[in-house]
Amino acid sequence: MCFHNSVKRVKKTEHVANAAFTIEPDCPDREAWESYVRAHLSSTNYHKYGWRDVIENSFKHRCYYSAARSEAGYIVGVLPLVFMQSRIFGRFVVSLPFFNYGGILCDRQEIGDALLAEAAKLQKELGAEYTELRHTQQWAGELPGKNSKVAMVLDLAEDAETQWRGFNAKLRNQVRKAEKSGLTVRVGGEELLADFYTVFVRNMRDLGTPVYALRFFTEVLRVFPGQARIIAVSLEEKPVAAGLISWFRDTLEIPWASSIRDYNSLCPNNLLYWTALQFALARGFKRFDFGRSTPGEGTYTFKKQWGASPIQLNWQYLLPKGASMPELNTKNPKFELAIKVWQKLPLPVTRLLGPRIVKNIP
């Protein structure tokens, strides 16, 4: 699904070091884009074109998937961009919102610089306050950035038995406790979406965070039917923990995982993650991405106990001269009261209002 964009974009040809390439402000060629992403060694799951479908269909945000093409017609660089706007949070462009990764992917520095210049032009035309680029490796140049977040990634063993022996005794005991507590686990697709969402809504409310609409996760499963699954942990058929896993190349990721704190003593979260790890090991994945954390906080410690190591996330910005970097995060003091109020709202209210708010928080 593609939207008619209010900002008309035109191709621009760059001549750098005798190697001409053309910048397409919004590339419609899904097949060529996907082929480039599959071949590039530094690409991530979220460079894939299908996430455009997920974002547009779920949130109705305008997407601009910029690409660079060589004189021979081959794509040599991409930059997926999403425009977001609201009265509360302002107007901004992100690559890529809602996920940990994105940013510039290209063959050479000058191609990336040209894509960056195109992003700056788009930012100005849209009246956006900034552009956020979610890189793992810092892009060279004078871009301001933040590095307060890390991705927690585990290099997987050859098999589940070896992986299990690598855990400390406390972690193994927690998994065994969950297995002996009458908890059951299912791995599947859309048939488990209701269980996943029941747990997710509750957990997000308890954290004071607005919840994504069910439509978002429905779209993820629809667009990536062969690369996404749900794991649901239940007690007497009541879901108490759940996660959505997705994968790309040799890495399996669990970007969304939740548990209901009332059942923490049964360790359902430990069973959830061990099941996800077993799924990855059985299918030959080499790395397990536990997702984003802040060093020193609770989720960081939880993920570290599994053997995960931090991978620095470098989020860089295109800003008008003299502007400060944005602070759209839960640590911003001006959001503290809103979080406390949200935690006290009834679940049906958060389920109704949450999607309207969170769609504009990248």
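The values are calculated or read from the model by the stated rules, or taken from the named source; none is laboratory data. Computed from a predicted model, the values in this text were never measured in an experiment. Counting neighbours? That spans all protein chains shown, and the Cβs are built from the backbone with ideal geometry, glycine included.
Here are a few things to note about the model shown:
- Breaking point among (1) surrounded by 15 or more Cβ atoms within 10 Å (Cβ to Cβ); (2) at pLDDT 95 or above; (3) among the charged types (D, E, K, R), for Arg108: (2)
- Qualifying residue in segment 44-66 (condition: of a type in the set (Asp, Glu) and within 18 Å of Tyr212 (Cβ to Cβ)): yes
- Which listed residue, of Leu277, Leu318, Leu272, is within 21 Å of the chain's Cα centre (by Cα) and assigned by TED's automatic domain parsing to the domain that holds Ile88: Leu318
- Qualifying residue in segment 335-357 (condition: under 19 Å from Asn45 (Cβ atoms), crowded, with 17+ Cβ neighbours inside 10 Å, among the polar types (S, T, N, Q) and not assigned by TED's automatic domain parsing to the domain that holds Leu126): no
- Residues located in segment 173-205, provided they are within 10 Å of Leu271 (Cα to Cα) and assigned to a helix (DSSP H, G or I): Gln174, Val175, Arg176, Lys177, Ala178, Glu179
- Members of segment 121-137 that are surrounded by 14 or more Cβ atoms within 10 Å (Cβ to Cβ) and within 13 Å of Ile104 (Cβ to Cβ): Thr131, Glu132, Leu133, Arg134, His135, Thr136
- Note on segment 135-159: residues that are small (Gly, Ala, Ser) and touching a residue at least 60 places away in the same chain (Cβ under 8 Å) amount to 4.
- Which listed residue is modelled with pLDDT under 95, touching a helix residue (DSSP H, G or I) at 6+ places or on another chain (Cβ under 9 Å) and at negative phi, from Leu207, Leu214: Leu207
- Residue in segment 287-299 that is touching a helix residue (DSSP H, G or I) at 6+ places or on another chain (Cβ under 8 Å) and charged (D, E, K, R) present: no
- Qualifying residue in segment 183-197 (condition: buried (at least 16 other Cβ atoms within 10 Å of the Cβ), more than 30 Å from Val358 (Cα to Cα) and touching a helix residue (DSSP H, G or I) at 6+ places or on another chain (Cβ under 8 Å)): yes
- Residue check for Thr162: in the same structural domain as Leu271 (by TED's automatic domain parsing), modelled with pLDDT of 95 or more and of a type outside the set (Gly, Ala, Ser): yes
- Test: residue in segment 102-118 that is within 23 Å of Ala151 (Cβ to Cβ) and of a type in the set (Asp, Glu): no
- Any hit, segment 189-202, residues being in contact with a Leu (Cβ under 7 Å, 6 or more places away or on another chain) and either among the small types (Gly, Ala, Ser) or without any contact (Cβ under 8 Å) to a residue 12 or more places away in the chain (or both): yes
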